Amino acid sequence: MARELRYDQDQLLTLDIQDGLVPVSATLVVRSPSGTVLQSPTATVASLATTVAADSDELTLQLASVAGLEVGQFIVVTMGSTRHVRRVTGIDGTAVSLLVALPAIPAVGAAVATARLSGTVAALGVAKLGANYSAEWTWTESATKTGSLRETVDVVRFPFSSPVTANDVAEVLAYSHNDSQPEGWCRVVAERAFERLAQGLRARGDRPHLYIDSSLFRNAGLSAVRWCLAESGYAPVGSTADEHTRTMRLQFQDELKTVVQSLAPYDANDDGAVAGDAEERRSMWTFRTSR
């Protein structure tokens, strides 16, 4: 999903590396759609380096220190000669919960490090409003261990905000499945649902941030949550996971179609006003689904 930067604000970009490297240095370059370098912000490498303490298990690690660690970050756990990347879903004192269990209990003293890069992009200004900018990251652990990533960036007036939260995921779990999960786990599902919603809009040629009110997509967002939960194995009694996943996917498509074919205000020409935009778009709307 493309990143969105407000044209009139400095913004901190973060990148969680998932290739198992533990960088010591990094760079960040922001380019225009034509490839011109606009900025080269200083890239900072997260500094957490700690070890596993006693009483850990595959899903919950006791760490010597959690200073600077946040829920949602990825950590690199070294077990023998193998590194495992895991996402943090909860922090309670020095106990750190993981989204996915490790293959075994790590030894006391095993190295744990964060793999997050960050850099602040200065406000680009109203003249730079538009799509298909890029943020290019590089990182280095050693001369033979390097990585890179390019991300799409849109410069926008107002970012498209998620209509669903971790609390919404928790409520769906409670009411529909009589189950519960940690807040961090629910946050991951909410993020995935939001990404699915934004991708659904982009797939039909829309720029999500040009919709004036993202709350209009709440029902579609909740359907995306149910779709993500179905992919995680949550299905009604008597229904297979595959069947329920397909049903939830189609429900999501229907909910999304309902909104985009409505009078949802859309700033089609990205001028900060919607007068005339909705009427112009309605004659061009098409939406394809597969069943």
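The values are calculated or read from the model by the stated rules, or taken from the named source; none is laboratory data. None of the values given here were measured: they were computed from a predicted structure. Reconstructed Cβ throughout: ideal geometry from the backbone, glycine too, with neighbour counts over all protein chains shown.
Yes/no matrix, rows are residues, columns are (1) basic (Lys, Arg); (2) modelled with pLDDT under 95; (3) outside any helix (DSSP H, G or I):
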residue	(1), (2), (3)
195	no, no, no
218	yes, no, no
227	no, no, no
237	no, yes, yes
250	no, no, no
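A Cβ distance below 7 Å, combined with a sequence gap of six or more or placement on separate chains, defines the contacts here; from the range 86-108, residues that are closer than 12 Å to residue 70 by Cα and in contact (Cβ under 8 Å) with a residue 40 or more places away in the chain reach residues that are acidic (Asp, Glu) and not in a strand (DSSP E or B) in the pairs 90/183.
The requirement of being touching an Asp or Glu at 6+ places or on another chain (Cβ under 9 Å), closer than 22 Å to residue 40 by Cβ, surrounded by 15 or more Cβ atoms within 10 Å (Cβ to Cβ) and touching a residue at least 40 places away in the same chain (Cβ under 8 Å) is not satisfied by residue 162. Considered as a group, the residues in the range 49-69 that are among the polar types (S, T, N, Q) and more than 13 Å from residue 114 (Cα to Cα) include one that is surrounded by the most Cβ atoms within 10 Å (Cβ to Cβ), and that residue is 56. Output yes when any residue across the range 259-273 is assigned to a helix (DSSP H, G or I) and either closer than 30 Å to residue 128 by Cβ or not acidic (Asp, Glu) (or both), and no when none is. Yes, that holds for at least one residue. Any residue at all in the range 195-205 that's more than 17 Å from the chain's Cα centre (by Cα), over 30 Å from residue 89 (Cα atoms), touching a residue at least 40 places away in the same chain (Cβ under 8 Å) and surrounded by fewer than 17 Cβ atoms within 10 Å (Cβ to Cβ)? Scanning the range 195-205 turns up at least one residue that is more than 17 Å from the chain's Cα centre (by Cα), over 30 Å from residue 89 (Cα atoms), touching a residue at least 40 places away in the same chain (Cβ under 8 Å) and surrounded by fewer than 17 Cβ atoms within 10 Å (Cβ to Cβ). Among the residues that make up the range 9-20, is at least one of them more than 26 Å from residue 132 (Cβ to Cβ) and among the polar types (S, T, N, Q)? So far as the range 9-20 goes, no, none of its residues is more than 26 Å from residue 132 (Cβ to Cβ) and among the polar types (S, T, N, Q). Just one of the listed residues (115, 135, 131) is farther than 21 Å from residue 16 by Cβ, touching an Asp or Glu at 6+ places or on another chain (Cβ under 7 Å) and touching a residue at least 24 places away in the same chain (Cβ under 8 Å), namely 131. The number of residues in the range 1-16 being within 13 Å of the chain's Cα centre (by Cα) and not in a strand (DSSP E or B) comes to 2.
Of the residues examined, residue 118 is one that is surrounded by fewer than 18 Cβ atoms within 10 Å (Cβ to Cβ) and more than 30 Å from residue 271 (Cα to Cα). Residue check: is residue 42 of a type in the set (Ser, Thr, Tyr) and surrounded by fewer than 19 Cβ atoms within 10 Å (Cβ to Cβ)? Taking the combined requirement at face value, the residue satisfies it.
Residues checked against (1) in contact with a Cys (Cβ under 8 Å, 6 or more places away or on another chain); (2) part of a loop (DSSP other than H, G, I, E, B); (3) at pLDDT 95 or above; (4) within 17 Å of residue 22 (Cβ to Cβ):
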site: 38; (1), (2), (3), (4): no, no, yes, no
site: 58; (1), (2), (3), (4): no, yes, yes, no
site: 68; (1), (2), (3), (4): no, yes, no, yes
site: 86; (1), (2), (3), (4): no, no, yes, yes
site: 109; (1), (2), (3), (4): no, yes, yes, yes
site: 119; (1), (2), (3), (4): no, no, yes, no
site: 124; (1), (2), (3), (4): no, yes, yes, no
site: 127; (1), (2), (3), (4): no, no, yes, no
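Remark: pairs (first residue in the range 171-187, assigned to a helix (DSSP H, G or I); second residue at pLDDT below 95 and β-branched (Val, Ile, Thr); Cβ separation under 6 Å; 6+ apart in sequence or on different chains) = 184/71; 184/89; 185/89.
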